[in-house]
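Taken together, the values in this text are just the output of simple stated rules run on the coordinates, not laboratory data. What you see is a predicted model, and the numbers here were worked out from it, not measured in a lab. Here the Cβ positions follow ideal geometry from the backbone for every residue, glycine too, while neighbour counts run over all protein chains shown.
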Amino acid sequence: MAASDKTIAVIGAGITGLTTAFKLRQAGFDVVIFEASGHVGGQIRTKREDGYLLETGPHTLLGRDKLPTLVDELGLRGRMIEANSEANKRYLVRYGKPHAAPMDPISFLKTQLLSPLAKLRLFVEPFIPPGNRSDESLADFVTRRLGPEPLEFAVGPLVAGTFAGDPGKLSVKHAFPKLFNLEREHGSLVRGLLTRVFEGRKDPQGKKKTPRPKLISFDEGSQVLTGELETRLEDHIERESRVYSLEKKSNGRWLVRFRQSDKRRQKTVDAVVSTIPTHALAEVELDGAEPFAPLDDVYYPPVSILAMGFRCEDVEHPLDGFGMLIPAEERRSILGTLFMSTLFPGRAPDGQVLLTSFVGGARDPELALEDKSILVERALADLDDLLGLRGQPQFTEHIVWKKAIPQYEVGYARFHEIMDDLEADNPGLFLVGNFRNGIAVPDLVTAGYEAAERISQFIS
């Protein structure tokens with residue numbers, strides 16, 4: 001049978017599900033996308049209010065892997081914008097002040113982020129033997145190789161800003177595999193980085209390699225990407241359709257049962273790819289049993305996002321960078337703040353700036369669920385101390401994700417084993433998403449491409 005005679009069910013209309021469905025359609029398959037909510041795009045949402053452009057999910061995208069390819073295939077290159085090249089500073093807070101992170105050897109020697117002893121400690125790293133633990137927390141790994149200060153005042157804040165996670169619990173192997181592999185392949189982080197820099201200058205033919213990926217967005221925010229996918233796939237999307245049961249038939253096909261508008265319906269398909277979070281997948285039955293239930297143990301901490309607009313003259317700091325990250329040792333309420341109106345044009349009205357702060361995560365999950373008034377008060381106190389505020393915000397928006405980002409904690413291999421076994425025991429079932437393939441948008445786009453290829457090979 002031709003690909004056009006086969007139907008693939010895609011559960012979840014986030015970026016992973018949309019990309020997978022788009023590539024399957026390109027390959028000639030029929031697809032049906034089941035989305036439990038009325039919104040298409042998952043955590044990627046953008047809205048404009050009072051002249052501010054607000055992101056409720058990913059605020060910046062890194063143009064790497066398959067993301068640029070997808071942008072081109074969707075004809076969105078003309079709407080893509082690169083981050084302001086002059087906003088290349090990354091601020092880290094120490095001693096109650098934001099300091100620009102060192103970007104070269106001279107600034108590293110001058111920085112106040114690390115003590116003289118901590119700087120000297122880094123020169124010892126190439127002589128430290130590799131560890132022998134199969135799984136190790138990021139905190140243990142960094143402390144062992146670099147010492148405690150880089151963990152506290154560099155890596156820790158970075159983890160809070162990406163995973164909203166706890167470096168003492170996150171697995172370096174699963175959450176930061178590139179870092180893990182540097183030690184495994186080169187015996188040292190410093191040697192590994194130097195080797196990659198040298199090898200990355202030219203390809204084997206001596207030609208210059210592709211430039212480093214840049215931070216990007218779109219003229220009307222990240223939802224331009226998912227919005228175009230939604231338009232292309234509109235006739236294949238079943239909104240407010242919650243899948244509650246999967247059944248493998250004796251003929252190899254699948255029966256998908258779902259609730260839509262209080263009615264129970266079903267659809268027979270040739271393969272199923274689930275991209276929904278593990279806590280949602282855990283509620284789905286498979287052949288009358290609950291084999292997905294153990295995946296409910298994956299931890300997703302809550303995160304609150306506070307977007308606040310100020311008059312330019314009401315912020316003393318020049319906001320000449322990407323944003324600032326705050327170590328746990330500084331004992332602040334916010335994890336960090338993005339200088340959104342510095343990064344991309346059109347994010348705030350003329351004469352205004354947009355600051356987006358993050359609260360909670362694994363560092364302080366209870367705080368993320370506090371009322372908006374409490375969060376705004378505490379965030380303003382931090383921003384006043386760190387950036388210098390002369391007035392109240394002209395605009396405030398609060399978004400909360402009660403289950404934000406899956407945490408690849410030490411021992412996460414057991415979840416990979418569960419997913420591997422589920423796929424092996426149920427041919428035609430594919431599990432793809434940020435719980436397995438990385439948490440960044442480029443990772444998920446690439447996972448969508450790879451999933452479509454795997455499904456095509458399975459069908460053939």
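Odds and ends about this structure:
- Residue pairs, from the table 372/403; 173/249; 248/402; 6/66; 173/248; 97/119, whose Cα atoms sit over 28 Å apart: 173/249; 248/402; 173/248
- For the chain, excluding the exposed loop sites themselves (trypsin sites (Lys or Arg not before Pro), DSSP loop, at most 10 other Cβ atoms within 10 Å), the longest remaining stretch covers 1-200.
- Membrane-span-like helices in the chain, defined purely by DSSP H runs whose alpha carbon atoms cover 20 Å or more axially and whose average Kyte-Doolittle hydropathy reaches -1.0, are 372-387, 441-459.
- Anchor residue 47: aspartates and glutamates whose Cα lies under 14 Å away (excluding residues fewer than 8 positions away in-chain): 55, 219, 220, 397
- Exposure here means at most 13 other Cβ atoms within 10 Å; with GluC sites (Glu not before Pro) in a DSSP loop as sites, the longest stretch of the chain lacking them is 87-315.
- Along the chain, longest interval not containing exposed chymotrypsin sites (Phe, Trp or Tyr not before Pro), exposed being DSSP loop plus at most 13 other Cβ atoms within 10 Å: 124-460
- Were the residues from residue 425 through residue 316 laid out at 0.36 nm apart, the gain over their Cα-Cα distance would be 33.3 nm.
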